[in-house]
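The structure is given below, and queries will be raised subsequently.
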Amino acid sequence: MKLTIDHTPERKEEKERIRKCGGFVAWNSLGQPHVNGRLAMTRSIGDLDLKNSGVIAQPETKRVKLHHADDSFLVLTTDGINFIVNSQEICDFINQCHDPAEAAHVVTEQAMQFGTEDNSTVVIVPFGAWGKYKNSEINFSFSRSFASSGRWA
């Protein structure tokens, strides 16, 4: 289950906030929107020079009840991963690993294999059902085409 929605300039309410604060949204050569032509997200702890353009650090939060018998893990990724590897692929990679450390390594390695141009950081928090959905086949998508990746799709 995907728990978050990315804070990007494509989202109507995010784009409106940027514009109301005097910022603008420009698209790069790959068709990706950027705040003031520079930042691919609309919320950031850093990027202080874009705070006057509507980039904020305030998160959107919600409460979700965990079911330890069914829920395997929580994964947090930076945009260097989730702009190039989709959520299902990330879950598939993790479900093929023996432990969270191996899974974190595999996810970051896959992002690099797929051509990420940004830093790639992942945190994986195991829950009670860790390994329950483990796939015994190791079939990482090293040959996946760039055309089908998250960044260029």
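The values are calculated or read from the model by the stated rules, or taken from the named source; none is laboratory data. If you're wondering where the values come from, they're calculated on a predicted model, not measured in any experiment. No Cβ is skipped: glycine too gets one built from the backbone with ideal geometry, and neighbour counts run over all protein chains shown.
Please verify whether T108 is free of Cβ contacts under 8 Å to residues at least 40 places away in the same chain, surrounded by 17 or more Cβ atoms within 10 Å (Cβ to Cβ) and in the same structural domain as S120 (by TED's automatic domain parsing), treating the condition exactly as stated.
So T108 fits the description; yes.
Out of N52, N36, report the one residue that is in contact with a Phe, Trp or Tyr (Cβ under 7 Å, 6 or more places away or on another chain) and either modelled with pLDDT of 90 or more or of a type in the set (V, I, T) (or both). Before the answer, list the steps.
Numbers: N52 fails: in contact with a Phe, Trp or Tyr (Cβ under 7 Å, 6 or more places away or on another chain).
Only one candidate passes the filter, namely N36.
When region 90-103 is examined, which residues are found to be surrounded by fewer than 20 Cβ atoms within 10 Å (Cβ to Cβ) and either in contact with an Asp or Glu (Cβ under 6 Å, 6 or more places away or on another chain) or small (G, A, S) (or both)?
A101, the sole residue that qualifies.
Now for a separate question. Which condition from (1) assigned to a helix (DSSP H, G or I); (2) surrounded by fewer than 19 Cβ atoms within 10 Å (Cβ to Cβ); (3) not small (G, A, S); (4) not assigned by TED's automatic domain parsing to the domain that holds T121 is the one that E14 breaks?
Among (1) assigned to a helix (DSSP H, G or I); (2) surrounded by fewer than 19 Cβ atoms within 10 Å (Cβ to Cβ); (3) not small (G, A, S); (4) not assigned by TED's automatic domain parsing to the domain that holds T121, the lone unmet condition for E14 is (2).
Output the qualifying pairs, or none if there are none: Cβ atoms under 8 angstrom, residues six or more apart or on different chains, first residue in region 1-17 and under 10 Å from S87 (Cβ atoms) and without any contact (Cβ under 8 Å) to a residue 60 or more places away in the chain, second residue assigned to a loop (DSSP other than H, G, I, E, B) and charged (D, E, K, R).
What qualifies is T4/E60.
The conditions are (1) outside the structural domain of M1 (by TED's automatic domain parsing); (2) surrounded by 17 or more Cβ atoms within 10 Å (Cβ to Cβ); (3) over 19 Å from the mean Cα position of the chain (by Cα), and G54 fails exactly one of them. Which is it?
(1)
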